[in-house]
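The values are calculated or read from the model by the stated rules, or taken from the named source; none is laboratory data. Just so we're clear, the structure is a prediction, and the values are computed from it rather than from any experiment. Only protein heavy atoms, including side chains, enter the accessible area calculation; ligands, DNA and RNA are left aside. Shrake-Rupley method; radii C 1.70, N 1.55, O 1.52, S 1.80 Å.
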Amino acid sequence: MIMEKEWNGSVTLVSQKIKAGTRHYYIDAKLDTKGNKYIVLSETKMRESEGKPERHRIFIYEEDFAKVSQALLETIMQISDGVLQEMPDLGRNVPSQPQEEAHHAPQPEDVQIGSFDLEWTDEA
């Protein structure tokens, strides 16, 4: 686990950067000065009119991780047209499906929310 102190006293536990065209997304897991865990989701893009970066941030605290994760996954499943079928297995223990069933679009009731540990690095 990477631990990096920042100027405001919080500690970065893990961080990931995602490049998507002109935008960059960051997922940072942090620990505040009281020992509370939280995640910061950030988006940075260039403001074309001023040539300066524009940043938006969302803070999600540990007590809300399950609710936010479930709502995000359900929303993606409803609009994704099966894109989650192409995602790599992230270590979840999901029973394998017979081949003829593997090609149907996932339904929200097919999704099981579980927890797993991820180790993110800055390598992209």
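Key figures
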| read-out | value |
| --- | --- |
| Of residues in region 18-36 being open to solvent by less than 50 Å² (accessible area, probe 1.4 Å) and assigned to a loop (DSSP other than H, G, I, E, B), the one nearest to Asn8 (Cα to Cα) | Asp32 |
| Count - residues of region 51-83 that are open to solvent by 100 Å² or more (accessible area, probe 1.4 Å) and assigned to a loop (DSSP other than H, G, I, E, B) | 1 |
